[in-house]
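Notes follow the structure.
The values are calculated or read from the model by the stated rules, or taken from the named source; none is laboratory data. Keep in mind that this is a model prediction, so the values were computed, not measured. Counting neighbours? That spans all protein chains shown, and the Cβs are built from the backbone with ideal geometry, glycine included.
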Amino acid sequence: MDPKFQSGGPGLLVRTVALGRAVDPLVLLDEIDKVPSDRNHDPIGPLYSLLEPSTAKRFIDDGIKLPLNLSYVRWICTTNDVRRLPAAIASRCQIFSIAAPTFNEGRAIARKVYASMVREQAWGRHFVAELPDDVADLLASNTPRELTRVLQNALGLAAIDRRPTLRVTDFTPAEPPRRGPGFF
């Protein structure tokens, strides 16, 4: 065993295959284009062997030093910018481009995120089940992550006003607070 791994053991992928219910788990690597690396450590390095079926059949985990057949592992990698992937990784993947949602799709996404929030939270019973059309229009261009944040803020403002319905004005940026002397 490599001295640097003496307190380690098999990696997560090997443990998943060896101890899991299936020899062909699905592994999702989200936003792989954002994985940081430096000269001393390349976290994407093992993927060169794992994404290539012929080398995945004889993959050697540093924790146990035995060849394992990991060619049945299924991989999905997501990226916001495929151009930021190493060419050797991109060449091992089937690339699917997914277009940004249209305006109408964005409206539908905003409605679903809102409905989910008010359905799943105890405080949601204080709000109407459907997002008003003008608010859905306003939110149509937001990403799901942004939607959650702005909807939480807007729902908070509506709750303070004891209103069951959101208004477009709940999404207008508030004026920055005035700062007193000595504050930046």
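Values computed for the structure shown
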quantity: Breaking point among (1) surrounded by 13 or more Cβ atoms within 10 Å (Cβ to Cβ); (2) in contact with a helix residue (DSSP H, G or I) (Cβ under 8 Å, 6 or more places away or on another chain); (3) under 30 Å from Ser37 (Cβ atoms), for Asn80; calculated: (1)
quantity: Residues satisfying the stated conditions in region 38-63, i.e. in a loop (DSSP other than H, G, I, E, B), without any contact (Cβ under 8 Å) to a residue 24 or more places away in the chain and over 19 Å from the mean Cα position of the chain (by Cα); calculated: Arg39, Asn40, Asp42, Lys57, Arg58
quantity: Count of region 64-78 residues which are in a loop (DSSP other than H, G, I, E, B) and not β-branched (Val, Ile, Thr); calculated: 6
quantity: Among the residues listed as Asp38, Asp62, the single one being at pLDDT below 90, surrounded by 13 or more Cβ atoms within 10 Å (Cβ to Cβ) and of a type outside the set (Val, Ile, Thr); calculated: Asp62
quantity: Region 161-184, subset of a type in the set (A, V, I, L, M) and at pLDDT 95 or above, residue surrounded by the most Cβ atoms within 10 Å (Cβ to Cβ); calculated: Leu166
